[in-house]
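Comments concern the structure below.
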There are 2 protein chains.
Amino acid sequence: MSLLVTGSIGIDTIKTPFGISEDCLGGSAVYFSMAAGFFCPVRFVGAVGADCPFDLAEVFTGREIDLTGLEIRAQSKTFRWTGLYHDDMDNRTTEHMELNILAEAPPKVPDAFKDSRFLFLANTAPALQLELLEQVEKPTFIAADTMNCWIHGHLDDLETLLKRIHCLIINEDEARLLASEHNLIRAGQVILDMGPDLVIIKKGESGSITCSKDGDKFILPAYPADDVRDPTGAGDSFAGGFMGYLTESDRIDFDTVKTAIAYGTVVASFTLEDFSVNGLSNTNRNNIDSRLTELRKLVTF
Amino acid sequence: MSLLVTGSIGIDTIKTPFGISEDCLGGSAVYFSMAAGFFCPVRFVGAVGADCPFDLAEVFTGREIDLTGLEIRAQSKTFRWTGLYHDDMDNRTTEHMELNILAEAPPKVPDAFKDSRFLFLANTAPALQLELLEQVEKPTFIAADTMNCWIHGHLDDLETLLKRIHCLIINEDEARLLASEHNLIRAGQVILDMGPDLVIIKKGESGSITCSKDGDKFILPAYPADDVRDPTGAGDSFAGGFMGYLTESDRIDFDTVKTAIAYGTVVASFTLEDFSVNGLSNTNRNNIDSRLTELRKLVTF
């Protein structure tokens, strides 16, 4: 099965109580691909400027990540983000952001990728997400992420997008904002009424709540991390583990969705144990499977 | 098996976005007993003044709650509390509080109750909790609740208490405060090092995290409530369901503890669906068992 991701590649500077990681590799498509690569081949679509110091082929060594869709634009600059995590690691402040290449036209989906069956549209302007998904011919399962600024400023586009996708992956504050509803169970229902078959509401260290149009629900705590060093990319890693497992299974029934969410949860737990993509670089499918077994035991009564 | 509870009886006024309930029945021992009464007989120890308008024997009809330990003090006034819940129902403000009888000597444990095996010390000054537990001869399993003001102001007493009890049931902010540690997994470990064999950290709508001295862990989401009308007493109802099931089972191994926590979670979900104890009055063990089955399905993957 074929999984396509479109999203950002970033040069991140991350400040936490545990230290600073300057100009390290980040971006939604990067975290997503590293995470999904434990499960299936990934087709990568993203763009960087000539200033990008990272060799993604090298970073992705050992994973089947097809970089045909990576555009390197000589006249452009790569997306940059500086984030500061506060003492409790729950909240972060964006200290500095340069959209750079993300403010330009999005990269094209290569012809060879147009038959992709599973598609993840990482967070960006919903109009661009629509433009990207229209380049894929017959996707079976489209998931997307979004964020506050699009809910506030581009709601029409977002509503159009929601009618075209199968699954929205969103954090709890965004879900409340989008649904104008504080209670997350009711917020999930409101979002389902906007179009998608499935909504996954991420609650950080409290896990996730998933609701389906068929009335199914799944509630899973996060894997209990006692050593959180850098939460950057945990959400995109969750999405990568989730979509990677669905693609590997080539199924989208709710039982498979539940296991996929558990895999996403576990993969994200490796991301936040180290800076940048190091947590994902330094683990493997065996470790992920062990942690999945552990998570199942932690919630079983 | 015998379960003893010591705690408050209150005249509550509760203000929520859904309405106001004036001078309704409240108090930790009341919610606890109503909840535990689904599982086992309960021995009740508490005190009210002559102004108390409630007939507890009538309120508890249909449950085996022994009121031998209920003191009615002619010269005293009953504890009163007025709480305001904000729009999101997650936060509340105490608008008014009269300790009244709670500032007097605690009620005595009747001789007939002194052989109780399971004991719950609802939130009060840790010195009083110690005084109460010393009146019980050979308890097998003692659980206690506490709150911020005792952690701030009576830490010595609380530390003495923690060495005498088997289980602390505490909410997440209090756990962080007591442990001086933001990460809840690490906070749980710090609290275990203070004495108890088991710590249950309650996270409101995000459920609970339980850690044992033997290294066992259990993480359970809350039952997904889409209609929260009054969260007052949910924590004491949780404790009641938990202790009630342990007492009914007469076991304290970790598998039984996990099921007991799930029962506590489910019983609490009935409390918050209506004002005062109405949610508990209007349900039964069959409904509780059905919801337990549903909760198990919600977390199984």
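Points to keep in mind about this one:
- Condition met for A:D173 (in a loop (DSSP other than H, G, I, E, B) and surrounded by fewer than 16 Cβ atoms within 10 Å (Cβ to Cβ)): no
- Here region B:176-201 is the region considered, the condition is being within 13 Å of chain A (Cβ to nearest Cβ) and of a type in the set (D, E, K, R), and the residue that is surrounded by the most Cβ atoms within 10 Å (Cβ to Cβ) is B:R176.
- Residues located in region A:143-174, provided they are under 14 Å from A:A125 (Cα atoms), without any contact (Cβ under 8 Å) to a residue 60 or more places away in the chain and within 15 Å of the chain's Cα centre (by Cα): A:A144, A:T146, A:M147
- B:A125 over 20 Å from the mean Cα position of the chain (by Cα) and either among the polar types (S, T, N, Q) or more than 14 Å from chain A (Cβ to nearest Cβ) (or both): no
- Qualifying residue in region A:196-217 (condition: closer than 12 Å to A:K258 by Cα and in a loop (DSSP other than H, G, I, E, B)): yes
- Summed over region A:192-229, residues that are among the small types (G, A, S) and over 22 Å from A:F120 (Cα atoms) total 3.
- Among the residues of region B:231-272, those that are away from chain A (no Cβ under 14 Å), assigned to a loop (DSSP other than H, G, I, E, B) and either more than 19 Å from B:L119 (Cβ to Cβ) or under 14 Å from the mean Cα position of the chain (by Cα) (or both) comprise B:T232, B:G233.
- With respect to being free of Cβ contacts under 8 Å to residues at least 60 places away in the same chain and farther than 27 Å from A:I201 by Cα, B:L184 falls outside the description.
- Just one of the listed residues (A:D214, A:D230, A:D236) is of a type in the set (D, E, K, R) and surrounded by fewer than 19 Cβ atoms within 10 Å (Cβ to Cβ), and it is A:D214.
- Long-range neighbours under 6 Å by Cβ, at least six apart or interchain, first residue facing chain B (nearest Cβ under 10 Å) within region A:202-217, second among the acidic types (D, E) and buried (at least 18 other Cβ atoms within 10 Å of the Cβ): A:K203/A:E172
- Residue within region B:63-70 that is surrounded by 11 or more Cβ atoms within 10 Å (Cβ to Cβ), more than 14 Å from every other protein chain (Cβ to nearest Cβ) and farther than 26 Å from B:N284 by Cβ present: no
- Of A:I185, A:I165, all but one fail to be β-branched (V, I, T) and either more than 16 Å from A:A239 (Cα to Cα) or in a strand (DSSP E or B) (or both); the exception is A:I185.
- Region B:218-230 - residue that is in contact with a Lys or Arg (Cβ under 7 Å, 6 or more places away or on another chain) and under 20 Å from A:K297 (Cα atoms) and, of those, nearest to the other protein chains (Cβ to nearest Cβ): B:F218
- Which listed residue, of A:S33, A:S2, A:S21, is in contact (Cβ under 8 Å) with a residue 12 or more places away in the chain, within 20 Å of A:A143 (Cβ to Cβ) and over 14 Å from the mean Cα position of the chain (by Cα): A:S2
- Residue match in region B:146-158 (condition: surrounded by fewer than 24 Cβ atoms within 10 Å (Cβ to Cβ) and touching a strand residue (DSSP E or B) at 6+ places or on another chain (Cβ under 6 Å)): no
- Residue ID - modelled with the highest pLDDT, chosen from residues in region A:76-109 that are buried (at least 19 other Cβ atoms within 10 Å of the Cβ) and within 14 Å of chain B (Cβ to nearest Cβ): A:Y85
- Residue check: A:L220 meets all listed conditions (1) free of Cβ contacts under 8 Å to residues at least 40 places away in the same chain; (2) crowded, with 22+ Cβ neighbours inside 10 Å; (3) more than 17 Å from the chain's Cα centre (by Cα) but one, namely (1).
- Pairs with Cβ under 9 Å, 6+ apart, first in region B:254-272 and touching a residue at least 24 places away in the same chain (Cβ under 8 Å) and closer than 23 Å to B:G26 by Cα, second acidic (D, E) and surrounded by 24 or more Cβ atoms within 10 Å (Cβ to Cβ): B:A268/B:D236; B:T271/B:D230; B:T271/B:D236; B:L272/B:D230
- Given (1) farther than 30 Å from A:S206 by Cβ; (2) touching a Gly at 6+ places or on another chain (Cβ under 6 Å); (3) aromatic (F, W, Y), number of the condition A:W81 does not satisfy: (1)
- Residue in region B:273-286 that is within 14 Å of chain A (Cβ to nearest Cβ) and under 22 Å from A:P221 (Cα atoms) present: no
The values are calculated or read from the model by the stated rules, or taken from the named source; none is laboratory data. Just so you know, these numbers come straight off a predicted model, no measurement behind them. No Cβ is skipped: glycine too gets one built from the backbone with ideal geometry, and neighbour counts run over all protein chains shown.
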